[in-house]
Amino acid sequence: MSDESLPPRTAAVIPAAGRGVRLGPGAPKALRALSGTPMLVHAVRAMAASNAVSLVVVVAPPGDTAPVRNLLTDLVLPDRTELLVVPGGESRQESVRLGLDALPDDIGTVLVHDAARPLVPVDTVDAVIEAVRAGATAVVPALPLADTVKEVEPGEKGEPEPVVATPDRARLRAVQTPQGFERATLVNAHHILAGADGEATDCAGMVERLGGSVVVVPGHEEAFKVTRPLDLVLAEAVLARRRANDGF
Ligand code: C5P
């Protein structure tokens with residue numbers, strides 16, 4: 001049953017304030033190029049590709065708000081899409097909170113999308129929005145795992161680590177973004193857990209921590225996170241394949 005009480009508009013908040021140290025030295029991760037175009041630009045386009053998204057809030061590295069604004073000024077987006085750039089914080093959680101603070105009142109559905117997942121297809125974005133509009137308070141796109149996962153007792157770097165457990169792989173999912181939320185649910189979680197112990201690595205985890213329900217919808221292999229140098233190679237290969245397919 002669709003929730004007609006939600007304010008009508010959908011916004012996407014893109015936390016892009018991370019330094020990206022695992023990619024090696026260089027510019028903030030979101031500003032690094034994929035096939036000549038900054039990752040963040042790909043991510044903004046991916047959100048704006050959805051007909052349902054009418055506002056994109058980019059959360060920029062605190063010291064780099066001006067270059068991010070410049071970068072996005074010339075970006076051609078659909079007429080329906082408004083763009084805001086706000087400065088981020090020390091952690092992803094804080095950056096998302098600062099993005100949420102910038103939302104106007106008529107936003108009822110919020111997506112939170114990592115700039116580091118620049119290639120998520122529009123069908124995945126739409127599926128997440130659809131699930132929220134159909135009544136779910138928190139929605140996460142996710143994929144089954146290829147690898148078996150071990151829980152370990154973390155040790156010194158490079159030292160053997162004792163295995164504690166092997167969770168049943170069939171019950172595990174690797175979660176992606178955009179994660180979608182009924183706005184009040186997400187704002188409430190950020191409000192209550194601001195400054196709480198342990199920073200969340202994803203927003204849905206905050207909703208879970210407060211006892212809220214979260215559902216998973218199918219993710220997409222092209223929504224992978226660009227974290228390490230090899231991921232850049234894979235992302236450029238995906239873009240090359242898309243360009244080749246568009247040519248036909
Ligand atoms: O570090 P990780 O890969 O988990 O970062 C996920 C996303 O959160 C990235 O898009 C990154 O730019 C963002 N982030 C942020 N503010 C921080 C740290 C990370 O917006 N302080």
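The values are calculated or read from the model by the stated rules, or taken from the named source; none is laboratory data. Because the structure is a prediction, the values reported are computed rather than measured. Cβ placement follows ideal geometry from the backbone for every residue including glycine, while neighbour counts extend to all protein chains displayed. Just so you know, the surface numbers come from the protein's heavy atoms only, side chains and all, with ligands and any DNA or RNA stripped out. Shrake-Rupley method; radii C 1.70, N 1.55, O 1.52, S 1.80 Å.
Project the alpha carbons of the range 107-169 onto their principal axes and report the range along each, largest first, in whole Å.
48, 25, 22
With the cut-off at 1.5 for a/c, could you classify the chain from its C-alpha gyration tensor as rounded, prolate or oblate?
It comes out rounded by the Cα gyration axes.
Please go through the range 70-131 and write out the trypsin sites (Lys or Arg not before Pro) that DSSP classes as loop and that have at most 16 other C-beta atoms within 10 Å.
Passing both the DSSP loop test and the Cβ count: ARG80.
Are there GluC sites (Glu not before Pro) in the range 63-128 that DSSP marks as loop and that have at most 11 other Cβ atoms within 10 Å, and which are they?
GLU90
For the chain, what is the accessible area per residue in Å², given a 1.4 Å probe and the full set of protein chains?
Result: 51 Å² of accessible area for each residue.
With viscosity set to 0.692 mPa s at 37 °C, what whole-number translational diffusion coefficient in µm²/s follows for the range 77-122 from Stokes-Einstein and a Kirkwood radius over Cα pairs?
264
Which distance in Å, rounded to a whole number, links the C-alpha centroids of the range 166-204 and the range 127-142?
Their Cα centres are 13 Å away from one another.
Name the lysines eligible as straight-distance cross-link partners of LYS29: C-alpha to C-alpha under 26 Å, and not fewer than 8 places from it in the same chain.
Of all the lysines, those that pass the test against LYS29 - Cα under 26 Å, at least 8 places apart if same chain - are LYS157, LYS225.
By its C-alpha gyration tensor, with a ≥ b ≥ c as the square roots of the eigenvalues, how is the range 138-248 shaped: rounded for a/c under 1.5, else prolate for a/b larger than b/c, else oblate?
The shape class here is oblate.
Let a ≥ b ≥ c be the square roots of the eigenvalues of the Cα gyration tensor of the range 1-122; is it rounded (a/c under 1.5), or, if not, prolate (a/b larger than b/c) or oblate?
It is prolate, given that a/c is not under 1.5 and a/b is the larger ratio.
Compute the separation of the alpha-carbon centres of the range 4-23 and the range 35-97 and state it in Å as a whole number.
8
Write down the percent of antiparallel bridges among all DSSP beta bridges whose residues are both part of the chain, to the nearest 5.
About 40 percent, rounded to the nearest 5.
With a 1.4 Å probe and every protein chain kept in, tell me what percent of the accessible surface of the chain is carbon plus sulfur.
About 53 percent, which is the carbon plus sulfur part of the accessible surface.
What net charge do the residues around ARG22 carry, taking every other residue with its C-beta under 9 Å from that of ARG22, with Lys and Arg at +1 and Asp and Glu at -1?
Around ARG22, the charge tally is +2.
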